[in-house]
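Remarks on the structure that follows.
The values are calculated or read from the model by the stated rules, or taken from the named source; none is laboratory data. This is a predicted model, so every value here is computed, not measured. Cβ atoms come from the backbone with ideal geometry, glycine included; neighbour counts cover every protein chain shown. With ligands, DNA and RNA removed, areas are computed over all heavy atoms of the protein, side chains included. Shrake-Rupley method; radii C 1.70, N 1.55, O 1.52, S 1.80 Å.
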Amino acid sequence: MEIRRAEIRDFAGMQHANLSNLPENYQMKYYLYHALTWPQLSYVAVNPDGKIVGYVLAKMDEEPKDGKKNGHITSLSVLRTYRRLGLAEKLMKQSQRAMAESFGAEYVSLHVRKSNRAALGLYRDTLGFTVKEIEKGYYADKEDAYSMFMDLTHLNPRNKKLEESAEDKEVQDLAVKTADLQVERHERQKMLH
């Protein structure tokens with residue numbers, strides 16, 4: 001099973017996976033908007049025959065209310081016969097990594113129906129998302145949604161460099177302290193002789 005970045009030629013397969021599994025459906029122009037605006041963020045799972053069996057459609061929040069760069073999962077779907085293979089997790093992780101590396105996203109958000117226990121388990125238990133709040137009547141049929149988020153700062157290359165820099169400084173400080181202790185010990189030994 002191949003996981004790769006979504007391309008325009010994949011839209012029909014993505015839409016099929018969407019229509020087969022989800023009550024929230026999108027017109028082709030919505031997939032195109034995502035692909036043209038954030039081409040790095042959406043991915044597909046492709047079986048050996050070249051059929052799209054799953055996808056993640058993602059974007060960046062264009063006007064974050066909290067002032068922090070963040071991504072958003074618009075839609076995730078895997079055809080029923082291809083579930084329990086880890087495809088949804090792989091799709092999500094690819095998109096999240098791209099959000100952090102390409103756009104410096106600090107976190108990712110999504111909405112999930114309160115009744116969708118399988119998706120809630122994936123997001124919360126497998127991927128580490130946290131429920132932020134319940135949004136009443138979020139969906140067209142008025143079902144409530146869990147608004148969820150997950151921190152991505154650990155994936156941001158800039159943060160990794162800062163962490164490495166901090167670790168390097170700690171190592172340097174430890175080396176200096178060790179050298180100071182060796183000098184002190186040598187001085188004490190000299191005084192004893």
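Structure notes:
- You will find that of LEU85, LEU76, the residue that is under 15 Å from the mean Cα position of the chain (by Cα), surrounded by 13 or more Cβ atoms within 10 Å (Cβ to Cβ), in contact (Cβ under 8 Å) with a residue 24 or more places away in the chain and not in a helix (DSSP H, G or I) is LEU76 and no other.
- The set of residues from region 36-67 being out of contact with any helix residue (DSSP H, G or I) (no Cβ under 6 Å at 6 or more places or on another chain) and in contact (Cβ under 8 Å) with a residue 12 or more places away in the chain comprises THR37, TRP38, PRO39, VAL46, ASN47, PRO48, LYS51, ASP61.
- Scanning region 2-15 for residues that are open to solvent by 90 Å² or more (accessible area, probe 1.4 Å) and within 18 Å of TYR82 (Cα to Cα) yields a total of 1.
- Count of residues meeting criterion [closer than 12 Å to LEU76 by Cα and free of Cβ contacts under 8 Å to residues at least 40 places away in the same chain] in region 17-34: 2
- Any hit, region 30-53, residues being hydroxyl-bearing (Ser, Thr, Tyr), surrounded by fewer than 17 Cβ atoms within 10 Å (Cβ to Cβ) and within 20 Å of TYR138 (Cβ to Cβ): yes
- Residue list for region 128-149, restricted to those being touching a residue at least 24 places away in the same chain (Cβ under 8 Å), of a type in the set (A, V, I, L, M, F, W, C) and open to solvent by less than 20 Å² (accessible area, probe 1.4 Å): ALA145, MET148
- The residues of region 99-117 that are in contact (Cβ under 8 Å) with a residue 24 or more places away in the chain, open to solvent by 20 Å² or more (accessible area, probe 1.4 Å), part of a helix (DSSP H, G or I) and not hydroxyl-bearing (Ser, Thr, Tyr), listed by number, are GLU101, PHE103.
- Just one of the listed residues (LYS68, LYS59) is modelled with pLDDT under 95, among the basic types (Lys, Arg) and either within 20 Å of LEU155 (Cα to Cα) or surrounded by fewer than 19 Cβ atoms within 10 Å (Cβ to Cβ) (or both), namely LYS68.
- Identity of the residue in region 1-34, aliphatic (A, V, I, L, M), assigned to a loop (DSSP other than H, G, I, E, B) and out of contact with any Phe, Trp or Tyr (no Cβ under 7 Å at 6 or more places or on another chain), that ends up nearest to SER115 (Cα to Cα): LEU22
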